[in-house]
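Reviewing the structure listed below.
The values are calculated or read from the model by the stated rules, or taken from the named source; none is laboratory data. Since we're looking at a predicted model, the values are computed, not measured. Virtual Cβ from ideal backbone geometry, glycine too; neighbours counted across all protein chains shown.
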Amino acid sequence: MLDFLKSLLNKGLIKMKNNLQAIILAAGKSSRFKTNHSKLLEKICGQEMILYITKLLSGFEVQTTVVVGYKRELVEATVKNNHAEPINFVHQEQQLGTGHALMCTQTFWERDHILVLNGDMPLVTADCIDTLYKKHIAQNADISFVVAHNIDPDLNSYGRVIQEGSSIKIIEAKDDTRENSEHCCINAGIYLFRKDFLEKNINEISKSKVTGELYITDLINIASKKGFKVETASAQVDIIRGINTLKELWAAEQIKRAEIIKHWMERGVRFAFAQNCHVDLNVKIEPGTNIGAGVQVYGTTTIDANCKIEAFSILDNAILQEGVTIRSHTIVKNSTIGKNSNVGPFAHIHTNTIVKENVAIGNFVEVKNSEIGDHSKAKHLSFLGDTQVGANTNIGAGTITCNYNGILKQRTIIKDNVFIGSNNCLIAPVTIGNNAFTAAGSVITENVPDYALAIARAGQINKEDYAKKLLDKNKQNIVFAVRDEVAIEDLVNSEELDTLSSE
């Protein structure tokens, strides 16, 4: 998004920063979310809602002021943490409507034209703002605002734009008492004002008779009555969607997700079941990659060329180098998978793990905070925690590196060309030397030298005929258990006990 805006600036298509500033309205209580959280901090494809607007305006390089109120500390922190440039904040202590919010910003009015828009409009595009600005300047308008044509009855929270001859006004949805409105033109909530118009008329906004609030939309009514020049710019209804409920949040994310997936399709990425996948905004995918059904890709995940991610896998802040295969139902989080490695199915790679090139991580293997060397394998039912594995090493099925002693996490080092037998427990801290072997079933507590074979298990003892004694004892236990569960009087006759005993 920012690259796109910079390209427009370089081409001279956007010349705004010298005479324009922006105000974002972000003080609302989010009451219709019913979550006790600010809706502006809800994430859409991995990015907080408010940041879609602040980053859009950053691309225009205009001075920005954010009006905050409900959960203001969290909103301010989120914006500040994601912007290097200074952004002003104004506290609207009482949320008395959009008009009142605009009044709270008067001390920051410096430029000739003031762009005002809501903070809950994550789908607004640079083209929408650019079109509004150009029309406003070309027509020398006092007010310009964005409208859209809407025939969806579910989108009923928008103010209606009523134009009759040269007169134009906006009726807020809360104030519109008509049962069936014939006007399908709605107000998007994006306005561009001349500063001198605002200075002269801002205090003339009247309270709504229904809610008692002050609405920005009243400024359009005032301008029309006084003969000021009012212009509109049209946009698609999906672009200007505001978000007031969790249902509307879901709808907006569906649109944004589809937009992101289409973007990667156009760049050579195959989605086997696109409508069933999720890809976050800041993910990067190279051509030739194939993504299966139900895959979820989060955060800043980077997927190099010709990778294959099978169904229902999750990648979260992962790095996949070229040619990696992620088998189904695998999770990779905060970790790197090297070239041509295979991981899964049902594997879990997490916490700063590095899997190097041509590695095989198999079924039900968990790797945490570890490094697995080139051409090494851990193919079955293992846990490798805080472990350094060298190259060409084989980890046998059921192996566990015991990294936690109840107080500290400690490391296991397994060097090159090592063979770890099945069902081993390696008690950290411990080092297995180059070219060493460990026997199956071993509990390794001491370092193993290079080229050594470590056997750490009790000697086998065979007790002749002891299995028969165990079977007889178990049969007696079954009889006693039945007698405890079933009352004697419920038994038909003593032959039933004989039958149980013989079985």
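Of all residues in segment 268-278, those being more than 11 Å from Ile291 (Cα to Cα) and surrounded by 12 or more Cβ atoms within 10 Å (Cβ to Cβ) number 1.
Among residues that are hydrophobic (A, V, I, L, M, F, W, C), farther than 30 Å from Asn340 by Cβ, outside any loop (DSSP other than H, G, I, E, B) and modelled with pLDDT under 95, Ile255 is not included. Looking at the structure I just gave you, is Ser313 crowded, with 24+ Cβ neighbours inside 10 Å, of a type in the set (Gly, Ala, Ser) and assigned by TED's automatic domain parsing to the domain that holds Asp280? Criteria met by Ser313.
Does at least one position in segment 261-275 carry a residue that is of a type outside the set (A, V, I, L, M), at pLDDT below 95 and in the same structural domain as Asn342 (by TED's automatic domain parsing)?
Checked segment 261-275: at least one residue is of a type outside the set (A, V, I, L, M), at pLDDT below 95 and in the same structural domain as Asn342 (by TED's automatic domain parsing).
Inspect segment 210-217 for any residue being assigned by TED's automatic domain parsing to the domain that holds Ala138 and within 23 Å of Thr125 (Cβ to Cβ) and give the result as yes or no.
First, the residues of segment 210-217 that are assigned by TED's automatic domain parsing to the domain that holds Ala138: 210-217.
Retained after the next criterion (residues that are within 23 Å of Thr125 (Cβ to Cβ)): 216-217.
Within segment 210-217 (the criterion being assigned by TED's automatic domain parsing to the domain that holds Ala138 and within 23 Å of Thr125 (Cβ to Cβ)), the answer is yes, since at least one residue qualifies.
One residue stands out in segment 394-420 among those that are outside any strand (DSSP E or B) and aliphatic (A, V, I, L, M): the one that is nearest to Ala347 (Cα to Cα), namely Ala397. Thr98 falls short on exactly one of the conditions (1) buried (at least 17 other Cβ atoms within 10 Å of the Cβ); (2) within 30 Å of Thr301 (Cα to Cα), and that condition is (2). Within segment 227-268, being hydrophobic (A, V, I, L, M, F, W, C), touching a residue at least 24 places away in the same chain (Cβ under 8 Å) and more than 17 Å from Lys43 (Cα to Cα) holds for Phe228, Val230, Ala233, Ala235, Val237, Ile239, Ile240.
Would you mind stating whether Phe346 is assigned by TED's automatic domain parsing to the domain that holds Asp386, under 18 Å from Lys379 (Cα atoms) and either outside any strand (DSSP E or B) or more than 17 Å from the chain's Cα centre (by Cα) (or both)? Considered against the rule, which asks whether it is assigned by TED's automatic domain parsing to the domain that holds Asp386, under 18 Å from Lys379 (Cα atoms) and either outside any strand (DSSP E or B) or more than 17 Å from the chain's Cα centre (by Cα) (or both), Phe346 comes out as yes. Within segment 216-232, identify whether any single residue is over 24 Å from His149 (Cβ atoms) and buried (at least 17 other Cβ atoms within 10 Å of the Cβ), and answer yes or no. There is at least one residue in segment 216-232 that is over 24 Å from His149 (Cβ atoms) and buried (at least 17 other Cβ atoms within 10 Å of the Cβ). When Glu199, Glu231 are checked against the criterion of being in a helix (DSSP H, G or I) and among the acidic types (Asp, Glu), Glu199 stands alone in meeting it.
Among the residues of segment 438-461, those that are closer than 17 Å to Thr393 by Cα and over 45 Å from the mean Cα position of the chain (by Cα) comprise Pro449, Asp450, Tyr451, Ala452, Leu453, Ala454.
Go through segment 96-120 and count every residue that is within 21 Å of Glu48 (Cα to Cα) and touching a strand residue (DSSP E or B) at 6+ places or on another chain (Cβ under 7 Å).
So the answer is 4.
Scanning segment 60-95 for residues that are of a type in the set (Gly, Ala, Ser) and surrounded by 20 or more Cβ atoms within 10 Å (Cβ to Cβ) yields a single hit, Gly69. Residues in segment 436-479 that are in a helix (DSSP H, G or I) and of a type in the set (S, T, N, Q) were compared, and the one that is nearest to Ile414 (Cα to Cα) is Asn474. For segment 106-127, a residue qualifies if it is of a type in the set (S, T, N, Q), under 16 Å from Phe89 (Cα atoms) and under 28 Å from the mean Cα position of the chain (by Cα), and exactly one does: Asn118.
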